[in-house]
1. For a quick check: sort Thr75, Thr40 by the number of other beta carbons within 10 angstrom, fewest at the front.
2. With n ≥ 4 as the cut-off for DSSP H runs, can you work out [θ] at 222 nm for the chain, using -39500 (n - 2.57) per run divided by the number of residues, rounded to the nearest 500?
3. Please give the contour-minus-distance gain from Ala239 to Asp182: 0.36 nm per residue of separation, less the Cα-Cα distance, rounded to one decimal in nm.
4. Leu215 to Ala229: extension gain in nm, 0.36 nm per residue of separation minus the Cα-Cα distance?
5. DSSP loop GluC sites (Glu not before Pro) in region 1-104 with at most 10 other Cβ atoms within 10 Å of their Cβ, which ones?
6. Between Ala112 and Glu189, what is the FRET efficiency for a Förster distance of 35 Å, r being their Cβ-Cβ separation, to the nearest 0.05?
7. For the chain, take N as its residue count and report Rg(C-alpha) divided by 2.2 N^0.38 Å.
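Just so you know, all these numbers are worked out from the coordinates, no wet-lab data involved. From a predicted model like this one, the values you see are computed outputs, not experimental measurements. Note: ideal-geometry Cβ built from the backbone for every residue, glycine included; neighbour counts use all protein chains shown.
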Amino acid sequence: MDLKEFMENPNHDALLKDLWDSHAGWWQRGFTDGVDAEYTEQIIPIVKKRVAGLRLILDVGGGEGQIARAVSEATGGMSVVVDPILSQVRLALRRGSPAVLGSAENLPFASASVDGAVACLVFEHLLELDRALSEVARAVRPDGRFLLLLNHPILQTPGSGLIDDADLGERYWRLGPYLREDLSVEEVEKDIFIPFVHRPLSRYVNGAIATGFELVEMLEPAPPDGFLARSDAYADVAAYPRLLVLHFRRCS
Ligand SMILES: C[S@@+](CC[C@H](N)C(=O)[O-])C[C@H]1O[C@@H](n2cnc3c(N)ncnc32)[C@H](O)[C@@H]1O
């Protein structure tokens, strides 16, 4: 789908919000509260290790708050969920996280008011990446941190997938047009449609640098054991990173 054309549709915000609204329950049941190995074995430990000393942290697009809760546990400080979907904010509050309605592109926080921000599996769904990055850079104080976790763009490039080539006797990852930015609405499970904007890795790194961040660390971890154990077929992707973690520091 053409990103520019979609942006020109005056209803694009409402269309996207409807998708997130209708699939909030699917996310909450399938990926939170300890049921997903990629979170329990990989994402949450990675985040917890990198937030020491930060007292007030925003969990941007935080959903029902699993990252916010892990961050508060690690720091002893406060982590606040910001999400545009009411059912996510309500569940975050019920599960014990402070939470407010808001979007990454328009954070309801004053400038330089927080010590850090985390955005986990959110920014690859946003149409206006630069606006969201600028908002995070505005809210985070100088020397604060920003952890940006993404589905790795290599695996998410449209037209990519595992190819079983019987003639060659090989299974390999086919990579689609990696450098082309592209909006797709993917059916990730039956009747579950999620918007993805594919962008190359450099787009995220350079976008964040342009708003005043410097890159401190980048991780491309192998999928965790609990994920690989779900299917024999996953052994073929054991050496491909599903997750990308970019750790930034806000420059003064
Ligand atoms: C894949 S879920 C990830 C939730 C959470 N970060 C986690 O890791 O459990 C994506 C989340 O992004 C939220 N979202 C969608 N559009 C957003 C926007 N423009 N700004 C902030 N969050 C958004 C959705 O409501 C949803 O909670």
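1. Numbers: Thr75 19, Thr40 16.
Ranking Thr75, Thr40 by Cβ neighbours within 10 Å, fewest first, gives Thr40, Thr75.
2. On the way: 10 runs with 79 residues, N = 252.
So the calculated ellipticity at 222 nm is -8500 deg cm²/dmol.
3. Numbers: separation 57, 0.36 × 57 = 20.52 nm, distance 2.52 nm.
Extra length available between Ala239 and Asp182 comes to 18.0 nm.
4. On the way: separation 14, 0.36 × 14 = 5.04 nm, distance 3.29 nm.
Result: 1.8 nm gained on full extension.
5. Details: sites: Glu5, Glu8, Glu38, Glu41, Glu64, Glu73; in loops: Glu64.
Taking region 1-104 and a limit of 10 other Cβ atoms within 10 Å, no loop GluC sites (Glu not before Pro) are found.
6. Details: r = 41 Å, r/R0 = 1.16.
E(calc), rounded to 0.05, equals 0.30.
7. Normalised Cα radius of gyration, the chain: 1.00.
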